[in-house]
Amino acid sequence: KAGVTQTPRYLIKTRGQQVTLSCSPISGHRSVSWYQQTPGQGLQFLFEYFSETQRNKGNFPGRFSGRQFSNSRSEMNVSTLELGDSALYLCASSLGSPIQSSYNEQFFGPGTRLTVL
Amino acid sequence: DQQVKQNSPSLSVQEGRISILNCDYTNSMFDYFLWYKKYPAEGPTFLISISSIKDKNEDGRFTVFLNKSAKHLSLHIVPSQPGDSAVYFCAASGNQFYFGTGTSLTVIP
């Protein structure tokens with residue numbers, strides 16, 4: 001069974017640009033969550049999508065948005081990039097919402113390393 | 001506002017000995033807690049979890065202890081093996097997931 005895939009793996013952008021990251025969940029998984037990992041802050045929850053609907057949202061500005069398609073694939077968009085957006089962006093998929101049940105184990109992808117210059 | 005904290009950025013342990021990784025949290029309403037393990041260039045992988053109504057959960061060499069009065073979580077690995085060398089994150093589930101900043105464990109052969 002294929003794992004969670006994220007594209008691209010590496011990305012370099014300049015301040016003010018926008019970026020779209022993609023996540024393909026494990027087949028059959030309907031929940032996709034996104035996280036930002038930085039050295040000082042660890043993993044921070046961005047949002048969770050389930051069946052094309054945003055279920056939960058973390059404390060990030062509106063420049064961070066996402067969506068989920070009918071095949072459960074998800075995209076995350078960051079507009080007007082800032083230097084502080086440089087980070088590893090991880091997505092995780094699960095059968096159901098991991099926030100609602102501990103039985104919905106999250107499986108993480110390898111991440112997209114975004115560098116903003 | 002860090003609701004889950006791992007105050008030790010790194011830990012070194014001899015092979016065969018016990019590794020103890022610690023985690024503190026501030027919100028008493030968390031439903032359950034988890035530990036993840038992360039190797040370089042890979043995403044975190046789930047290791048073990050514990051419900052907020054339990055105080056111990058064991059899975060092979062891994063045991064998680066929860067002290068609700070102290071708002072403290074710990075992961076014990078016994079015996080430690082070189083393959084356990086990785087970054088360990090604790091996490092808590094509430095209205096969202098909260099992760100600590102990670103502890104890098106090195107098991108010395």
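Read-outs: derived from the displayed coordinates by stated rules, not from any lab. Since we're looking at a predicted model, the values are computed, not measured. All Cβ positions, glycine included, derive from the backbone under ideal geometry; neighbour counts span all protein chains shown.
What is the calculated FRET efficiency for A:Thr80 to B:Ile20, with r their C-beta to C-beta distance and R₀ = 45 Å, to the nearest 0.05?
Using R0 = 45 Å, I get an efficiency of 0.55.
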Between the alpha carbon centres of the range A:56-88 and the range B:32-90 the gap in Å comes to 28
How far is it, in nm, from the label point at B:Lys54 to the one at B:Gln3 when both lie 7 Å from their Cα along the line to the Cβ? 2.2
How big is the convex hull of the Cα atoms of chain B, per residue, in Å³? 96
So for the pair A:Asn71, A:Lys57, with labels modelled 7 Å out along Cα→Cβ, what separation do we get in nm? 2.8
Could you work out, for chain A, what percent of all Cα-Cα pairs fall into each 5 Å distance bin, beginning at 0 Å and stopping at the bin that holds the largest distance? 2, 13, 24, 26, 19, 10, 5, 1, 0
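If you put +1 on each Lys and Arg Cβ and -1 on each Asp and Glu Cβ, how big is the dipole of chain A around its Cα centre, in Debye rounded to 20? Could you put the intermediate results ahead of the total?
Details: 11 positive and 6 negative charges, 34 e Å.
With Lys and Arg at +1 and Asp and Glu at -1, about 160 debye.
I'd like the mean, over residues of B:39-45, of how many other protein chain beta carbons sit within 10 Å of each residue's own Cβ. Could you put the intermediate results ahead of the total?
On the way: counts 0, 0, 4, 5, 15, 9, 4.
Average per residue, whole number: 5.
For the pair B:His76 and A:Ile12, what calculated FRET efficiency results from E = 1/(1 + (r/R0)^6), where r is the Cβ-Cβ distance and R0 = 41 Å, to the nearest 0.05? Intermediate values should be presented prior to the final figure.
Values: r = 41 Å, r/R0 = 1.01.
With a Förster radius of 41 Å, E is 0.50.
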Peptides A:54-66, A:105-117, A:85-97 ordered by average Cβ neighbours within 10 Å, highest first: A:85-97, A:105-117, A:54-66
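For peptide A:36-42, what's the mean number of Cβ atoms from other chains within 10 Å of each residue's Cβ?
Working: counts 0, 7, 1, 3, 2, 3, 13.
Going residue by residue through A:36-42 and averaging, the value is 4.
May I have the convex hull volume per residue, in Å³, for the Cα set of the protein assembly as shown?
Details: hull volume 27.4 nm³, N = 226.
About 121 Å³ per residue, rounded to a whole number.
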Within the range B:68-107, list the residues whose amide N lies under 12 Å from a label point set 7 Å along Cα→Cβ of B:Ser10. B:104-107
Shielding of A:91-102 by other chains, given as the mean Cβ count within 10 Å, works out to 3
